[in-house]
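Novice: The structure is given below, and queries will be raised subsequently.
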Amino acid sequence: MTSEESNREIEKHLKNCRGCQKYYQEMTGEIGEDISISEEEIQELQVIKKIKKKNKRKMFGVLTGIVLVLAVCVMVLFTQWYSSANSEEVTVDYGVRGNVAYCAIETKPGYSMEINGSSSHLKILRLRKTMSPKGQTISWEEKIGTEENPCKWTIEFQDKIMVIENGQLTKEKEK
C-alpha cells in the first residue's frame, strides 16, 4: 500500500527506534527473544494435559452413558405405549337385532386403536396405551342386505382377517 521509498523510510526508522520495533513485533507476531521454560513448568504443563485428557475421556463416557440410557428409555416407553393389533387383544362382537346387523370392536381397558380404512374395510394398525381406565369401542349398524348384496364388514388385524356379512362371521383367515 505504500511506495518503495516510504517502505525504506519505515524500515530505516524501525532499525533506530526501539519503541516502534516492539510495537511492530507485537503487530506482526514476531518474537525477538527466546522464552525459556523451566523443567518444572514443562512437568506442570504435562500434568495439566493429562488431567484434560482424563476429563475428556470421563465426559465422553458420561455422554455415551446418557445417550444409552435415553435410548433404552425411549425403547421401553415405545413398547409400553404401543403394541401390535392382534385379534386376541380386542373383543369383536357381531350379530343381528331385528333387521339390523351390528359389529363392535372393543379394546382392553386403558387402550385405544389406531385404524385405517372405511367402515366396510377396516384395518386395525396398532393399539396405544392411554391414561384412561376405559377401553375404546368402535361400532357399526346397518340394515341387513340380500345374499347378492349383503351388509359386509371386513376387519383386518395383524394376525388375521375377519369378514362379517349380515351380522354373521363368514370368513376368518390367518395371515
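Novice: In nm, to one decimal, how far is the Glu41 label point from the Arg128 one, both placed 7 Å along Cα→Cβ?
Specialist: That separation, rounded to one decimal, is 6.6 nm.
Novice: Turning to a different aspect of this structure: Quick one: which residues, 5 or more positions from Arg126 or on another chain, have an amide H under 5 Å from its amide H? H modelled 1.01 Å from N in the peptide plane, none for Pro or chain starts.
Specialist: Amide H neighbours of Arg126: Glu114.
Novice: Run the reach check for Lys50 against lysines, Cα to Cα strictly under 16 Å, same-chain hits fewer than 8 apart removed. What comes back?
Specialist: Partners within reach: Lys58.
Novice: Can you work out the accessible area per residue across the chain, with the rest of the protein chains kept in place, probe 1.4 Å, in square angstrom?
Specialist: 79
Novice: Moving to a separate point now. How much of the accessible area of the chain, probe 1.4 Å, is carbon plus sulfur, in whole percent?
Specialist: In the chain, the share of accessible area belonging to carbon and sulfur is 55 percent.
Novice: Quick one: compute a quarter of the convex hull surface over the Cα atoms of the stretch 58-175 and quote it in nm².
Specialist: Mean shadow area of the hull around the Cα atoms is 9.6 nm².
Novice: Could you identify which residue out of Gly110, Gly19, Gly65 has the top mean-square fluctuation in a GNM of the chain using Cα springs shorter than 10 Å?
Specialist: Of Gly110, Gly19, Gly65, the most mobile in the Gaussian network model is Gly19.
Novice: Could you work out how far the C-alpha centroid of the stretch 90-117 sits from that of the stretch 123-175, in angstrom?
Specialist: Taking the Cα centre of each part, the stretch 90-117 and the stretch 123-175 sit 6 Å apart.
Novice: Take the cross-link list Lys123/Lys175; Lys123/Lys160; Lys108/Lys152; Lys152/Lys173; Lys123/Lys152 and give me the ones stretching past 19 Å between alpha-carbons.
Specialist: Pairs exceeding 19 Å: Lys108/Lys152.
Novice: In deg cm²/dmol and to the nearest 500, what is the mean residue ellipticity at 222 nm of the chain if only DSSP H runs of at least 4 residues count, each as -39500 (n - 2.57), divided by the residue total? Walk me through the numbers on the way to the answer.
Specialist: On the way: 3 runs with 67 residues, N = 175.
Computed ellipticity for the chain at 222 nm equals -13500 deg cm²/dmol.
Novice: Could you name the lysines in cross-link range of Lys12, using Cα to Cα under 21 Å and dropping any fewer than eight places away on the same chain?
Specialist: Within the straight-line limit of under 21 Å, Lys12 reaches these lysines: Lys22.
The values are calculated or read from the model by the stated rules, or taken from the named source; none is laboratory data. Bear in mind that the values here come from a model prediction, so they are computed numbers and not experimental data. Quick reminder, even Gly has a Cβ in these numbers, built from the backbone with ideal geometry, and neighbours come from all protein chains shown. Heads up: the accessible areas ignore ligands, DNA and RNA and are worked out on the full protein's heavy atoms, side chains in. Shrake-Rupley method; radii C 1.70, N 1.55, O 1.52, S 1.80 Å.
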